[in-house]
Each structure stands twice: as structure tokens, then as C-alpha cells.
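The values are calculated or read from the model by the stated rules, or taken from the named source; none is laboratory data. Just so it is clear, the model here is predicted, and its values are computed rather than measured. FYI the Cβ positions are ideal-geometry reconstructions off the backbone, even for glycines, and counts take in every protein chain you see. In case anyone asks, the SASA skips ligands and DNA or RNA and just uses the protein heavy atoms, side chains included. Shrake-Rupley method; radii C 1.70, N 1.55, O 1.52, S 1.80 Å.
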Amino acid sequence: MTGKEYRTITDVKGPLVFLNKTEPVAFGEIVTIRLADGSIKNGQVLDTSDDLVIVQVFEGTAKIDRTAGVTFMGDVFKLPVSKDLVGRILDGAGRPRDGGPDIVAEENADIIGAAINPFSRQSPHDFIQTGISAIDCCTTLVRGQKLPIFSASGLPHNDIALQIARQAKLKGSDEQFIVVFCAMGITAEEYNFFRSDLERTGALENAALFVNLADDPAVERIITPRLALTAAEYLAFEHDYHVLVIYTDMTNYCDALRQIGAAREEVPGRRGYPGYMYTDLAMLYERAGIVKGKKGSITQFPILTMPGDDITHPIPDLSGYITEGQIVISRELHQQGIYPPINVLPSLSRLMGSCIGADTTREDHKSVSDQMYAAYAQGRELRGLVAIVGEDALNERDKQLLDFSGVFEDRFLRQSRDEDRSIDETLDLCWELMSSIDTKYLVRLDQKWIEKYHPDNKA
Amino acid sequence: MSKEGVIYRISGPVVTATGMSAGMYDVVRVGDEGLMGEVIELHGEKAVIQVYEDTSGIRPGEPVINTGETLSVSLGPGLLTQIYDGIQRPLPTLEEVMGVFITRGVDADAFDLEKKWTFEAVVEKGAAVEGGQVIGHVQETETIVHKIMVPPTMSGVVKNIKSGDFNVTETVCTLEDGSEIQMMQKWPVRTPRPYRQKYAPDTPLITGMRILDFLFPLAKGGAAGIPGPFGSGKTVTQQSLAKYSDAQIVVYIGCGERGNEMTEVLDEFPHLIDPNTGKPLMNRTVMIANTSNMPVAAREASVYTGITIAEYFRDMGYDVALMADSTSRWAEAMREISSRLEEMPGEEGYPAYLSSRIAEFYERAGRVETKNGDDGSVTVIGAVSPPGGDISEPVSQGTLRIVKVFWGLDAGLARQRHFPAINWLNSYSLYPQSLNQWFRDNIAQDFPEIRTQISGLLQIEAELQEIVQLVGSDALPVDQQLTLEVARMIREFFLQQNGFHDVDAYCDINLQYSMSKAILSFQEAAKNAMAAGAQLNDVVNVPARTALMRGRFEKGYIDTIDDMVKTMIDEIGATVEDN
């Protein structure tokens, strides 16, 4: 629209540029800033009035001076979307990073993304088999769900995410997911790990990558997930793909949000994070789901590292209030050498109830899952007691449960990085392991399933 | 100054306009697209507006038009069974107009203005009527009669009134002074609707959840808070209440919650049957769904929209229950807008007026004598989502200061899969005193005493558990071991309840009483048997006790429970002879 260039910058502060006396500028409008040396930076309007406009600059404000020329592009941020996004690698602002040509847009989509009308959503109910027993049995993933991985520094969350991306499929179907991968502030090393793994398995052809690395501008991270989700929505709802969005690491995203809040001198909420972080996160996470009349779906796997392993930190806390459960990675299990070190006790899938049972997984799934969980929980609790009174003080039931908790970790949780267990294998394994406990203590198992599936009765 | 001004500044959902005459809380139309907003602050010439829709792409200089009205809801036949967003736009209509994504600038009537309803006058020509008085009936749904009232601000002598089929905007009644009454009226959401007087509540809201009805009862017209960390079952509890509580009208507000969960509710409710009337639950329900990614200002408004609708049905003489899930999201919306206004923050960035807003909201609950002279009530149940589950934060504290019932959800119990995960040690209800008489008259004379015994046992258990943690249960004397068994029975048989089970999800209050008596009968029988030499293990393991405990999942339990208890007592008696 307007080609007019302003040279009215008054202040530059952190990632923000303040300028005055402009024509009316739209809220959210895209801005380019031309520096004295001819280089171009991009930004977006955060606050606009007759007297003052505040622009957040994605590439950082280094070298911007008061003579820099600012042009308002007359439109809000849009991503050129096309089916050709699949198989491409883009940077955090949506430009090709793989040396390929620019994306030829079938459509330019607003990256903010409108909210899905709750009335127009369809309840998710399709079971996704990840091949990881702990997830399939205890925190079952459903197509259209948003299920974050709550991890911490030094834990193998990336391996788990990749394994899920590789193995995820609907039961009894070979239909693959399109993976939209969104990196926010991860290291080049981690990125290379993801990329080479996707390349190795051929998954890269079915993936779109949006990459903002640790040395890329922090502010750009604010838009990277929005680009990824806009691409995901387009692929899912215009081209009927089932899309799996993996983003890592949400903690870096939230820190970028805090950085902007601080530069704007906003009143901070908990631990300096802005008060609107809940709404902001919701605008990302809520872009998962299935809508009526469309074939595709968006399933989200955000990864976040909990600072100090603290699940009450604002980032996991606010995420947990929005997402439909969480998969919690345990340092303790990791240190015992167990992979995947998923602690099933605080993990949860809120949509599990809608996707398990005779029609989808197996009739005994709920019963088995409850019993496995309960027995493991009790076994873990007994470990504390044993540390005080010794194993001899336990009665027969408690001894069996204590032993079970060890087997649970060693055989049920533990699997190799390329082991893809079907849900039947997982549930059969559960029965095998539970058979070490006397049937009379397995109170959560339905009698009819004991008769049908218990190894003693099967033989 | 005119009705029309121009935009001066835009910062997220907050827009400043100049050159417009405006009063606080006036509803304005912002920009070329006419986005809906509300004036929330005045600075000399400038009016600060919170906008209920996304403001991207709006520019300074675009027009702002003051409608001169305050944010109001439309009230009349057609409300029930509706699903609204935070500012009373029906979601199905929005879907028709905008497709599956909610875009902006669309206005929608709260209900069908053309539909004809059969109005049956109940006052005659010449009658003197006052504001709030019922002048006619409309059978809105199978179960609910919608009472048409004189708007609270009007009164006079009926000049003309006619029964017949009308739509909601046609005049059904004229007064001598010429004022006309339609079936639809409007009411500003931030102003409580008037009533004659408030009464002390004396009737419990029966919810069918044992731990709530029996241990921590809520009165009709009372207010309850349910704080709990994520995953502890707030939403499931709220939904159970919406399904099974014996209110006549239910208003369910999904305030800033998950889209998929809201969809589940929207999918599920139309198929549910009200256990009290046998008719579809939707017939008595109004839903408001403003998910977490819908505009934040509309989230702030949604609780007011909901409570105004609740008060309207209360004024017809109904018992209304309102569930707000979650009030923390409402408070956060206030915080977000306050911070955009650059107000001086109070605790944790929340505005200093947070606690007074919370108090004002809960104060709109109550049992009242309506303007028509009937008895009506609004019961408010607010979920609170404290960060990290720590209830020392401002929203929880603001809520606890005002509500009389606290149902504290506990992450530890949820992890043990004990549902509903309401902690019986720190939850409380201040209503038992005023409700005891009702329980004595309607359920059983000794109801309050039984309750005291049950909660006493749970207290003793908590103390004994501390010892058990150290030395193991075998080290306790047998009578204390029995107490632990009885307490375990209370927890597993009585307090635990499966909200998804066909039968167990709703427990009749009379059955609750029988079940609690059954537990005490077990204790009594076991004590006697053990005094006569029976072994604890034998007593606990009698088959009839297991059968009794499993029985709650069977239909018709209320008829069989007494016999099962008798069998159990006999079997326990027999354990003495075995020895």
C-alpha cells in the first residue's frame, strides 16, 4: 500500500522502536526498517496512536538509529501458504532456509489465527498409536489433542518427540501424519539432530520445518509458532492432512514474551512473565483440534523444559491449564537408565476416555490402565516405607506390589528408541507383568477381563 | 460533543477514542467494521474502550460510535437450550455467518426474534402491576414455563393485555400511561436485578455427589468455591453439578477454558436426561462458552452475562444454579485489561479492585423474595484455578473470603485416582447449621449426627495415618486397625464416586444416608464381633461386605441395601463362631 518512508524514530529500547507523527497506522501492521547501510529489518506494530507508534523488531534493534527509514506495509503479518510447504525448511520468519525458492502462495493467511467456534469443533476420538507403551496405555494420545511434554534440561525429550513423530499412526492404518516442526531458540546441534533424524527416516519429505535457533533474534520467536500453526491449519483444513505439530522449546518462547513485556515496561505477573501469557499461550495451544465438515486435524506436541524441574513454574503451570493433559519426563528414571523416562503418575491425558475401548483400542484397556497405574503408584509409595522399616516388615501384598513397581519400570516403561509396540502388544505385556501379583489384589481389573486375558487363564 | 468520535490509539484489546461524548460502560462500535466495545475509563476528552473482538488492522482515525446503551443482555423466551459466547451471541448463528472460525464484526440476535410463542396472560385489564410482576406465561420448553414479567423499571395499570401467539418483540400488554411491554426485555449486565428482600438459605442444593451433599452441603442461594490445580477434576465436578443438581435452571459458563472440553459438553448435554424430571437436560440449561483463545474482553463480560440470565430466571421464582469454570480466567482477563490501562497493580499484577469485583459477583447469589412475591434463588459455584495449586494467591483468597462453601480439590487425591478429588480434611461448609433442620425433616432425624460421626472417623484416620507412616499398620492395636478399615470404607465406598458411571454418577440423598448408616453398622458389628473374639481379617473379608460395596454400581441399590447390610451383620456375627 503506502510506500512512504518515515524518519521519525524517537526512541529505541530493547526490541522496540518508537516513532511519532505518522499517517494512521494499523494495529498489528507489518513494518520494514531500512538502515543506513541498506539492510532491512522487519517488525510489527504493537501500539498505535496519532502521536506515537511502537514497533517490535523481529531481527533485534542492533544498528537502528534515528535516521533509519520506516515503512508501513499496510497489512498485518501474513504467511504465504501452499501445499508446497511440505518438504521445506523455513526460518523463524517464514523465509526459505534450505536454499530453495520462495513459497508460491496459494493463499496469504493471517498468522494470528481466528478462534475455532466451540460449537463447530468435533470431539476428538481417534486413537493415535505412538508405539510407546507408557503413552499408549496410560496417557493415550487422541487425534486433535494438544499434549505437551513437560521435561527439563538434560532429559531426552527430543528423542521421545522424534520417536512419536516417526511412529504415530492410527491403529490399523498406515496413514502418515504430516509433521510441522517448529523450533524456537534451540541450539544448532539440537536442530541438526532433529533434521538428520527426519532425513534418515525419510520423514522430512512429509514435514515442514520452521526454525528459529538460539542465535536468531529472540523476538522472532513470537511469530515462529504462529507461522507453523498457520501452515498446519492450512494443510489440515484446506488439504485434509492430519498434521502433527511439534514445537520446542516453549520455555524460550515464553522468555521472548517476557523480554518484550519488559521493554514495554508492562506490569509483570509471576516471575516477570506478562499477565497476558495465559491468553497468549491459549492462542497457540487452542489451534489444535478437528472441526466439523473438514477431514484434516491438528494434533500438537509442545515440548517445554521446566526451569529447575519445577512443575509449578508459570510456564508448565499455565500450559497445564490449557492443554489436554501432559506427559512428564522424570529425571530420576532417566538417571536409572530407563528410556523413555516417562513418569506416568503425574502424566495425564484428558481425552483418553473418549478414545479407548472395544471399538478403538481393546475392551480391557481402561481396566488394565487403571490397574497398572494403581499398582505402580502403590509400589512407588512402598519404596519410601521400605527405606524406613525394611522390606521384611511388608506383608505379602505389599511385597508383590513393591516388586511390581520395579518390573513396571524395567519392562513396561523401558523400550528402545526404535521399538514400535502395537497397542495389543502393550496390553498383553501389561497382563504378563500384572500376573506377578496375586489376582485377589488386582481389584481394579474387571473379572471378565481376568478370565479372558490373564496369562493363567489363557494358557 | 457528539455520539461519534474517532480512534486515537490502539493497544491490543484497548482502544482510546476522542471527540465522543461517552459515559462509563457505554457500549460503542469501533472502527469501520463496527467492532463491539465498552467504555471503561474516561480521561478528559478521551474515552478508553475495551473491545470484544480482535483489533488487528484497525487504524487511528477510524470512527467510533456510541450506542448510548450499557452492555446488556436480551432476556425472554428462547434463552433456554442456547449456547452463547461471552457477549450473548449464539454460537450456532455465528457458525452460519462466519464458518468454523470466529472472525469479527458480526452481530447476532440472542435468540430468534421471529419465532411465535404462545403467551397466556395471567393478569387482567385494569390490574395494577409493578416492575417484576408476572403478567403471563409461555411454555418455553417441555419442562420450563417462562414467566413474562413487567420490566423492573416499569409499573402502572394494565390498559390492554391479550393472550395468543406473538414473537418476542410484539407488544403483549399496554399500560395506562402508554408504555408497552414485550416478551423480550433488556437488562444491563453489570447491574444486579432488583428483588424485594434476601432470605437466609434453608434448603440444600442436592447434587447427587456424596461428599458434597453429605459432608459439605451447599444451600440453594449459597455460593461455593472449588479451587484446585490442573488435572484435579474441577471441570468434571462442575459438569456433574450441571448435570445432576436439583436446580430448576442451570447456567453454565465456560470462561476461558479448553475448546475441546467445551465441545464435549456441547456434544454431551443435548443427550443427557435430567434425573429429576426425566426430560432432556438442555431444556433447563443456558450455556456460555468463551474459550481461552476467544477475545479477552468478552471473557471478562461472560460471567456478568451469565449471572444476569440467572437472576432473570430467579425473578420468575426458580431455583437457579450457576457454574463458572473458571473464575481465575475471568480474573486474569481483568488483570490483562488493567495492565493495558496502566493501572497501579495490587497483588501479583491483579488490579486493586480484584477482591471487590469477586465479592460483588458472588453477592449476586442468594435466596430472595422476588418482586412478584415468589421465592427464587441463584446458587453460584465458581471454579478457581490457582497457579501451582497454591491457594494463597489473590483469586483464591478473594473467593474464600466471600463464599461459605469451600470444596478443595487435591492433586494428591487425583493422582491416587480418588475422585471426586475433594479433600475432606480442609474443605468446609458453613451451611450445615441452617440446613440441619431440612435434613432432619426430609431425610432422617439423626442425619446431622451421622454426618458428625462420619467426619469424625475421617479426622481420627488422618491422625492414625501419621503413626502408620512411621511404624506400619500392624503395630497399631486392633481397635485402631478397625477404625482404619472403617475409614477406608468411607473413602472407597462412600466418598469415591465415579462421575462417568451410569449408576454411580448420581446418588440419591436418601441412598447417601443409607450408605453412611451401612458403614456405621459395619463398624458396630465388627466391634462387637471382635470383642467376642473374632479376627479383624475375617471380619473385614466377609463376602457380604464386598457385595455391599460393589452394590452401589447396580441399579435399584436403594431397595437392596438394607438386606445387604443385614446379611453382612449376620456374616460378621458368624466369624465369632468360626474361631
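More than 33 angstrom separation, counting every C-alpha pair in chain B; what % is that? Each step should come with its number before you reach the end.
Numbers: 83245 of 167331 pairs.
Result: 50 percent of Cα pairs exceed 33 Å.
The convex hull built on the alpha-carbon positions of chain A has an orientation-averaged projected area of 24.5 nm².
For region B:256-287, heavy-atom accessible area (probe 1.4 Å) falls by no less than 50 Å² from the chain alone to the full protein assembly at B:ARG258, B:ASN260, B:THR263. Indicate the gyration tensor shape class of region B:21-158 (rounded, prolate or oblate), computed on the Cα atoms with a ≥ b ≥ c the square roots of the eigenvalues: a/c under 1.5 is rounded; otherwise a/b larger than b/c is prolate and the rest oblate. Here region B:21-158 falls in the oblate category. Any residues in region A:366-391 that have 40 Å² or more less accessible area with all protein chains than in their chain alone, probe 1.4 Å, and which are they? Those are A:TYR373, which lose 40 Å² or more relative to the chain on its own.
Placing a label point 7 Å from the Cα of B:GLU343 along the Cα-to-Cβ direction, the residues of region B:293-311 with a backbone N closer than 14 Å are B:297, B:300-301. The share of accessible area on chain A that comes from carbon and sulfur is 48 percent, using a 1.4 angstrom probe.
Using every pair of distinct Cα positions in region B:514-579, the Kirkwood expression returns a hydrodynamic radius of 11.8 angstrom.
Ranking of A:ILE132, A:ILE103 by solvent-accessible surface, largest first: A:ILE103, A:ILE132 (1.4 Å probe, protein heavy atoms only, all chains present). Counting only DSSP beta bridges with both residues in chain B, the antiparallel share comes to about 70 percent. Computed over the Cα atoms of region A:54-167, pair by distinct pair, the Kirkwood hydrodynamic radius stands at 18.9 angstrom. So if R0 is 51 Å, what FRET efficiency would B:LYS186 and B:LEU470 give, r being the distance between their Cβ atoms, rounded to the nearest 0.05? Plugging the Cβ-Cβ distance into 1/(1 + (r/R0)^6) gives 0.20. In this structure B:LEU520 has an accessible area near 20 Å², from a 1.4 Å probe over the protein heavy atoms. Note on B:SER155: accessible area is roughly 60 Å² with a 1.4 Å probe, heavy atoms of protein only. Subtracting the Cα-Cα distance of B:LYS115 and B:TYR353 from their residue separation scaled by 0.36 nm leaves 81.5 nm. Measuring heavy-atom accessible area with a 1.4 angstrom probe and counting protein chains only, the residues of region B:40-58 that give up at least 50 Å² relative to the chain alone are B:SER56.
Evaluating 6.51 cos²θ - 1.76 cosθ + 1.60 at θ = phi - 60° for every residue in region B:185-196, the Karplus couplings come out as 10, 10, 9, x, 5, 8, 10, x, 6, x, 8, 6 Hz, glycine and proline recorded as x. Taking all protein chains together and rolling a 1.4 Å probe, B:ASP441 ends up with roughly 100 Å² accessible. Within a straight-line Cα-Cα reach of under 17 Å, B:LYS371 can be paired with the following aspartates and glutamates, leaving aside sequence neighbours fewer than 8 residues apart in one chain: B:GLU130, B:GLU311, B:ASP315, B:ASP319.
Altogether, the Stokes-Einstein calculation at 10 °C and 1.306 mPa s, with the Kirkwood radius of region B:215-254 over Cα pairs as Rh, returns a diffusion coefficient of 138 µm²/s.
Please quote Rg/Rh for region B:315-437 to two decimal places, taking the Kirkwood radius as Rh and restricting both calculations to Cα atoms.
That ratio equals 1.03.
Quick one: with all protein chains in place, what share of the accessible area of region B:358-400 is carbon or sulfur, to the nearest percent (1.4 Å probe)? Heavy-atom surface of region B:358-400 belonging to carbon and sulfur, 1.4 Å probe: 39 percent. Computed over chain B, the per-residue total of -39500 (n - 2.57) for DSSP H runs of n ≥ 4 gives a 222 nm mean residue ellipticity of -10500 deg cm²/dmol, rounded to 500.
With a probe of 1.4 Å, find how much accessible area chain A has per residue, and write the answer as a whole number in Å².
36 Å²
Computed over protein heavy atoms with a 1.4 Å probe, the accessible surface of chain B works out to 36 Å² per residue. The order of A:LEU155, A:LEU348 by accessible area, most exposed first and with a 1.4 Å probe, is A:LEU348, A:LEU155.
Taking a 26 Å limit on the Cα-Cα distance, which of the listed pairs B:LYS198/B:LYS404; A:LYS171/A:LYS295; A:LYS171/A:LYS458; A:LYS41/B:LYS46; A:LYS399/B:LYS527 fall beyond it? In this structure, A:LYS41/B:LYS46; A:LYS399/B:LYS527 lie more than 26 Å apart at Cα. Of the residues A:ALA188, A:SER153, A:ILE64, the one whose Cα sits farthest toward the positive end of the charge dipole of chain A, with +1 on the Cβ of Lys and Arg and -1 on the Cβ of Asp and Glu, is A:ILE64.
When a 1.4 Å probe is rolled over the protein heavy atoms, the share of accessible surface on region B:63-212 that falls to carbon and sulfur comes to 47 percent. Sort region A:332-459 into rounded, prolate or oblate with this rule: let a ≥ b ≥ c be the square roots of the eigenvalues of the Cα gyration tensor; rounded if a/c is under 1.5, and if a/c is not under 1.5, prolate when a/b is larger than b/c, oblate otherwise. Because a/c hits 1.5 or more and a/b fails to exceed b/c, region A:332-459 counts as oblate. Remark on region A:148-268: Rg and Dmax equal 15.5, 54 Å (Cα only).
The length gained on full extension between A:GLU391 and A:THR312, counted as 0.36 nm times the residue separation minus their Cα-Cα distance, comes to 25.1 nm.
The length gained by stretching the chain between B:GLU492 and B:LYS198 to full extension, at 0.36 nm per residue less their Cα-Cα distance, is 101.9 nm.
With a Förster radius of 45 Å applied to the C-beta separation of A:GLU238 and B:ALA444, the computed FRET efficiency comes to 0.10. Heavy atoms of chains B and A lose about 5500 Å² of accessible surface on contact, summed over both sides with a 1.4 Å probe.
When the charge dipole of chain B is built from unit charges on Cβ atoms (+1 for Lys and Arg, -1 for Asp and Glu) and taken about the Cα centre, the candidate among B:ALA331, B:VAL30, B:MET154 whose Cα reaches farthest toward its positive end is B:MET154.
What's the whole-number percent of alpha carbon pairs in region B:151-233 lying beyond 17 angstrom? Summing the P(r) of region B:151-233 above 17 Å gives 70 percent of all pairs.
Shape class for the protein assembly as shown, computed from the alpha carbon gyration tensor (a ≥ b ≥ c): oblate, with a/c not under 1.5 and a/b at or below b/c.
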